[in-house]
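Engineer: Questions regarding the structure given below will be posed in turn.
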Amino acid sequence: MAYHLLKGKRGIIFGALDENSIAWKTAEKVYEEGGKFVLTNAPVALRMGTLQSLAEKTESKIIGADATSVEDLEKLVDAAVEELGGPLDFVLHSIGMSVNVRKGRHYTDQKYDWTAKGWDISALSFHKTMQVLYKKKAMREWGSIVALSYMAAQRVFPDYNDMADNKAYLESIARSFGYFFGRDHKVRVNTISQSPTPTTAGKGVKGFDSFIAYADKMSPLGNATADECAAYTITLFSDLTRKVTLQNLYHDGGFANVGVSDRVMDLFESEDV
């Protein structure tokens with residue numbers, strides 16, 4: 001069901017790779033709600049993915065950009081404003097990558113140039129993106145910027161590796177830059193801490209299938225899907241949340257506030273207990 005929440009709004013969506021990604025689902029929802037946008041991803045990701053089909057479906061343009069490059073981001077923002085006919089109302093940052101995870105390096109045995117690369121892609125790119133938007137005054141008043149995070153920023157998930165540090169830094173950037181964006185331009189900045197989701201990136205984490213089952217049993221409402229996360233993101237892009245900013249918002253079926261659930265306890269109980 002469409003509510004026309006984003007009619008007349010325009011923005012940029014970073015990170016759509018394939019139909020499993022949250023950014024992909026968000027793009028579809030934005031389109032359904034009347035929004036217009038530019039799709040962007042790194043040139044290498046554009047070669048790997050199937051973004052053209054999403055662009056055709058949503059009547060949007062693809063502009064490749066390396067989110068770690070300020071020069072690329074400046075060109076992207078200028079091109080997006082020109083393509084869409086004015087300042088932006090929303091931006092989704094859905095970017096994350098750990099070379100250490102991909103290469104199987106344990107958290108206690110990191111290769112630090114890989115760590116720096118993953119941090120730059122996953123977290124610092126968010127600061128770079130907002131700095132470009134801020135300096136260019138490319139966001140319209142009461143616009144909304146959202147980045148996707150995960151609860152490993154606050155709690156230990158051993159196999160999430162250095163991505164946990166990246167997400168913690170991402171959330172800090174959202175608060176710190178969000179203060180100035182709100183004060184100076186009336187723009188909201190928030191992060192969404194999503195349930196473990198079977199995206200291409202998520203599946204790269206060791207033990208992911210077991211953990212997603214555990215999280216589902218821990219959460220009173222069950223895991224939130226990528227499609228449900230997209231719907232939640234739409235509310236943050238809309239005018240219904242104009243005073244929500246500097247927040248890390250849990251969208252995880254209640255997982256973040258549950259110490260233990262009956263369903264998980266049942267797995268450990270036996271007839272002898």
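The values are calculated or read from the model by the stated rules, or taken from the named source; none is laboratory data. Remember, predicted model here, so these are calculated numbers, not experimental data. Ideal geometry is used to build each Cβ from the backbone, glycine not excepted, and the neighbour counts take in all protein chains shown. Just the protein is used for accessible areas: all its heavy atoms, side chains included, with ligands, DNA and RNA removed. Shrake-Rupley method; radii C 1.70, N 1.55, O 1.52, S 1.80 Å.
Engineer: Only one of these is touching a His at 6+ places or on another chain (Cβ under 6 Å), open to solvent by 10 Å² or more (accessible area, probe 1.4 Å) and in a loop (DSSP other than H, G, I, E, B): Gly64, Gly96, Gly104, Gly34. Name it.
Structural biologist: Working: Gly64 fails: touching a His at 6+ places or on another chain (Cβ under 6 Å); Gly96 fails: touching a His at 6+ places or on another chain (Cβ under 6 Å); Gly104 fails: touching a His at 6+ places or on another chain (Cβ under 6 Å).
Of the residues listed, the single one that is touching a His at 6+ places or on another chain (Cβ under 6 Å), open to solvent by 10 Å² or more (accessible area, probe 1.4 Å) and in a loop (DSSP other than H, G, I, E, B) is Gly34.
Engineer: How many residues, within the stretch 107-123, are open to solvent by less than 40 Å² (accessible area, probe 1.4 Å) and within 20 Å of the chain's Cα centre (by Cα)?
Structural biologist: Our first condition is that a residue be open to solvent by less than 40 Å² (accessible area, probe 1.4 Å); within the stretch 107-123, this holds for 110, 115, 118, 120-123.
Filter once more, so that each one left must be within 20 Å of the chain's Cα centre (by Cα): 115, 118, 120-123.
Number of matching residues: 6.
Engineer: Can you tell me which residue is most open to solvent (accessible area, probe 1.4 Å) among those in the stretch 133-158 that are more than 11 Å from His185 (Cα to Cα) and part of a loop (DSSP other than H, G, I, E, B)?
Structural biologist: Val156
Engineer: Same structure again: Considering (1) farther than 30 Å from Tyr134 by Cα; (2) part of a loop (DSSP other than H, G, I, E, B); (3) charged (D, E, K, R), say which one Asp216 fails and leave the rest.
Structural biologist: (2)
Engineer: So for the stretch 160-173 (the condition being at pLDDT below 95 and crowded, with 16+ Cβ neighbours inside 10 Å), does at least one residue qualify? It would help to see each step written out before you state the result.
Structural biologist: First, the residues of the stretch 160-173 that are at pLDDT below 95: 160.
Right, trim to crowded, with 16+ Cβ neighbours inside 10 Å and you get 160.
Yes; the residues of the stretch 160-173 include at least one that is at pLDDT below 95 and crowded, with 16+ Cβ neighbours inside 10 Å.
Engineer: Against the condition of a type in the set (Gly, Ala, Ser), buried (at least 17 other Cβ atoms within 10 Å of the Cβ), in a helix (DSSP H, G or I) and at pLDDT 95 or above, how does Gly178 come out, does it pass?
Structural biologist: Working: of a type in the set (Gly, Ala, Ser): yes; buried (at least 17 other Cβ atoms within 10 Å of the Cβ): yes; in a helix (DSSP H, G or I): yes; at pLDDT 95 or above: yes.
The answer is yes for Gly178.
Engineer: Across the stretch 219-230, what is the number of residues that are outside any helix (DSSP H, G or I) and either at pLDDT below 95 or open to solvent by 50 Å² or more (accessible area, probe 1.4 Å) (or both)?
Structural biologist: First, pick out the residues of the stretch 219-230 that are outside any helix (DSSP H, G or I): 219-225.
Applying the additional criterion that residues be either at pLDDT below 95 or open to solvent by 50 Å² or more (accessible area, probe 1.4 Å) (or both) yields 220-221, 225.
Looking only at that region, the number is 3.
Engineer: May I ask you to list the residues in the stretch 140-196 that are closer than 20 Å to Ile13 by Cα and without any contact (Cβ under 8 Å) to a residue 12 or more places away in the chain?
Structural biologist: Hits for the stretch 140-196: nothing passes.
Engineer: Hey, another quick one. Please state which one of Leu46, Leu54 is open to solvent by 50 Å² or more (accessible area, probe 1.4 Å), free of Cβ contacts under 8 Å to residues at least 40 places away in the same chain and touching a strand residue (DSSP E or B) at 6+ places or on another chain (Cβ under 8 Å).
Structural biologist: Result of the check over Leu46, Leu54: Leu46.
Engineer: Let me ask something else about it. Within the stretch 114-135, how many residues turn out to be in contact (Cβ under 8 Å) with a residue 24 or more places away in the chain, touching a helix residue (DSSP H, G or I) at 6+ places or on another chain (Cβ under 6 Å) and among the charged types (D, E, K, R)?
Structural biologist: Summing the residues that are in contact (Cβ under 8 Å) with a residue 24 or more places away in the chain, touching a helix residue (DSSP H, G or I) at 6+ places or on another chain (Cβ under 6 Å) and among the charged types (D, E, K, R) in the stretch 114-135 gives 1.
Engineer: Can you tell me which residues in the stretch 250-273 are open to solvent by 30 Å² or more (accessible area, probe 1.4 Å) and not in a loop (DSSP other than H, G, I, E, B)?
Structural biologist: Once the filter is applied, which keeps residues that are open to solvent by 30 Å² or more (accessible area, probe 1.4 Å) and not in a loop (DSSP other than H, G, I, E, B), the stretch 250-273 yields Tyr250, His251, Asn257, Asp262, Arg263, Met265, Asp266, Leu267, Phe268.
Engineer: Can you tell me which residue within the stretch 1-31, out of those that are open to solvent by 20 Å² or more (accessible area, probe 1.4 Å) and part of a helix (DSSP H, G or I), is farthest from Ala226 (Cα to Cα)? Quick ask: steps written out before the conclusion?
Structural biologist: Applying the first criterion (open to solvent by 20 Å² or more (accessible area, probe 1.4 Å)) to the stretch 1-31 yields 1-5, 7-10, 17-20, 25, 28-29, 31.
Checking the rest, the ones that are also part of a helix (DSSP H, G or I) come to 25, 28-29, 31.
Numbers: Lys25: 7, Glu28: 12, Lys29: 11, Tyr31: 16 Å.
So the residue we want is Tyr31.
Engineer: Please find, among Thr245, Thr233, the residue that is of a type outside the set (A, V, I, L, M), in contact with a strand residue (DSSP E or B) (Cβ under 6 Å, 6 or more places away or on another chain), in a loop (DSSP other than H, G, I, E, B) and in contact (Cβ under 8 Å) with a residue 60 or more places away in the chain. Break it down stepwise before answering.
Structural biologist: Numbers: Thr233 fails: in a loop (DSSP other than H, G, I, E, B).
Of Thr245, Thr233, the one residue that is of a type outside the set (A, V, I, L, M), in contact with a strand residue (DSSP E or B) (Cβ under 6 Å, 6 or more places away or on another chain), in a loop (DSSP other than H, G, I, E, B) and in contact (Cβ under 8 Å) with a residue 60 or more places away in the chain is Thr245.
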